[in-house]
Amino acid sequence: VEVKKVRKFERMWKVGSGGSVCARPVIHDNRVYFAAMDHYVYCADCNTGKEFWRFKTGGIVLDSSPIIYGNNLYVGVFDGYLYAIDINSGKLSWKFKTGGEIESSPCTWEGMVFFGSSDGYVYALSSDSGSPIWRFKTGGEIVSSPSVKDSRVFIGSFDGNLYCLDAKTGEEVWRFRTGGEVANSAPIPFYKNMVFFTSFDNNLYAADMETGKEIWRFRTGKYGNGTCPAVHEGVLYYGARDGIFYAIEAETGKEIWRFRTQGEGVIDELPLVHDSKVYFGSEDGNLYVLDTKTGKEAWRFKTGGMVATCAVQWGHFVFLGSWDCHLYKVDINTREEAWRFATSSGEPAYIPHAYEDFKVEIKKETIIEEAAKEGKYKKEKVESVSLSDYHVESEYSSEGEYKKKSDYDVGFVMFETNLSSFEQLTFMNSGFTTTTTTSR
């Protein structure tokens, strides 16, 4: 069996509207905030599940997990806007328009909010006003979520690069080239002097934070990688898109253990590590809970749809969203549901099959040997390629390439919308649009 990636990964651009919850919730002051594909951002009481408010955006929220900074909640939406919403009133503070869908989860640092867009730009805005501070052009769509460490922004792009940018100026420090799209939906983690990220070339990478040089790489399964690991006490916990979950030594890249989920369900979100257990969701509909030392399953919680969000811990409870249009609160002591919150639509959102961008071929080779001996015989040998032996033909650069500015900073960007057509997006200075609401 041979698995090949036959086209650019674009599953996320084909999703439809519905009540599904596919973005990590955030908890603040006994309130849980989350977004759904019904266009709404919700705020509910952590104890009772009672709704405080909901805010309607102009599009679906796929993987852009809300964050809270000061009195605002920030979230990216498929209508191309980054929204800042007052966490108390649920009213719009401001919104900023980009040239494409936003799937990237924002992050904040020293009064700035950072995120990426499918228009290929990394943006830095004022967290107070939404005014643009800088933007940086990559060579592909961005669905990755940025992280900030030591005054540097780390973010991946569909052009195959992980970028390290100066957080204050947006200038490029280095880039690391992989053999596939870098589509890390979860924030990029760090440990000591290392930064960890994945690629659709099926590798998990560790690179030097300062230089961008490769330290090690770990080969995972056969359908690419779409998220980042969690780091806890020197161990990386990571789930791949072929349904295998790993524990890996952070310093060496050596595998400690692995766990296979039910039916190769895609694992595409950040795990939660809490009290010697690791929690992660799968598209097979389960929240899995494993022992961090052994990798043995402790228990699982079944929802009515795919679990494509990270679990968030609050006391002895975890919150998680499901494709079945609910946010769940689960008691980790009793392993039972405490309550569930239904979104505005009970109809799950459409999403293409997880592996539609890959082709599986079964090859069979028969070798016949004729022996020039008395009593000739035929020997048949059947050879097959193991699923775990899938390799991508690609070029890698383990060296950090130092740049002073983006190679792609041009007036427009061409990006692929499907296999047969291209869309040209004009993005002039007028593309910076910030809408501010003064009445609260």
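Laboratory data are not the source of any read-out in this text; all were calculated from the coordinates shown. The structure presented is a predicted model; accordingly, all values stated were derived computationally and were not measured. Glycine also receives a Cβ, built like all others from the backbone with ideal geometry; neighbour counts cover every protein chain displayed.
If you plug each phi of the stretch 311-327 into the Karplus form 6.51 cos²θ - 1.76 cosθ + 1.60 with θ = phi - 60°, what whole-Hz ³J(HN,Hα) values come out, in order, with x for Gly and Pro?
7, 10, 8, 8, x, 9, 10, 10, 10, 8, x, 9, 5, 7, 6, 9, 9
Considering only the other residues whose Cβ falls under 11 Å of the Cβ of Tyr40, what net charge follows from Lys and Arg at +1 and Asp and Glu at -1? All intermediate terms of the calculation are to be shown ahead of the outcome.
Numbers: positive: Arg54, Lys56; negative: Asp38, Glu51.
Local net charge: 0.
Could you list Glu172, Glu233 so that the one with the fewest beta carbons within 10 Å of its beta carbon is first and the one with the most is last? Mind dumping the intermediate values first?
On the way: Glu172 20, Glu233 8.
Least crowded to most crowded, the residues run Glu233, Glu172.
If R₀ is 25 angstrom, what is the calculated FRET efficiency for the pair Ser89 and Ser131, using the beta carbon separation as r and rounding to 0.05?
Numbers: r = 22 Å, r/R0 = 0.88.
Between Ser89 and Ser131 the formula returns 0.70.
Take Ile102, Ile215 and order them by how many other Cβ atoms sit within 10 Å, fewest up front. Numbers along the way, then the final one.
On the way: Ile102 30, Ile215 19.
Listing Ile102, Ile215 from fewest to most nearby Cβ atoms yields Ile215, Ile102.
Let me check the size of the stretch 155-313 from its C-alpha atoms; what are the radius of gyration and Dmax in Å?
15.3, 47
Which of Lys296, Lys222 has the fewest other C-beta atoms within 10 Å, and how do the rest follow up to the most?
On the way: Lys296 9, Lys222 25.
Ordered by Cβ neighbours within 10 Å, fewest first: Lys296, Lys222.
Net charge near Gly76, counting Lys/Arg +1 and Asp/Glu -1 over other residues with Cβ under 10 Å of its Cβ?
Around Gly76, the charge tally is -4.
Determine the gain in length on full extension of the stretch Asp150-Trp257; use 0.36 nm per residue of separation and subtract their C-alpha separation, reporting nm with one decimal.
Details: separation 107, 0.36 × 107 = 38.52 nm, distance 3.18 nm.
My answer for the length gained is 35.3 nm.
Quick check for me: using +1 on Lys/Arg Cβ and -1 on Asp/Glu Cβ, what's the dipole size of the stretch 45-119 about its Cα centre, in debye to the nearest 20? Don't skip to the answer; put the middle values down first.
Values: 6 positive and 9 negative charges, 61 e Å.
Charge dipole of the stretch 45-119: 300 debye, to the nearest 20.
Any chance you could check the Cα centroid distance between the stretch 227-260 and the stretch 94-168 for me, in angstrom?
The stretch 227-260 and the stretch 94-168 have Cα centres spaced 26 Å from each other.
What ranking, highest mean first, results for peptides 267-276, 245-254 when packing means the other Cβ atoms within 10 Å averaged over each residue? Don't skip to the answer; put the middle values down first.
Working: 267-276: 21.4, 245-254: 17.9.
Most protected by this proxy first, the peptides run 267-276, 245-254.
Could you tell me which of the pairs Lys137/Lys168; Lys302/Lys329; Lys254/Lys277; Lys95/Lys149; Lys50/Lys91; Lys277/Lys329 are separated by over 22 angstrom between their Cα atoms in the structure shown? Please list the in-between numbers first.
Working: Lys137/Lys168 16 Å; Lys302/Lys329 12 Å; Lys254/Lys277 20 Å; Lys95/Lys149 26 Å; Lys50/Lys91 18 Å; Lys277/Lys329 17 Å.
Beyond 22 Å between Cα atoms: Lys95/Lys149.
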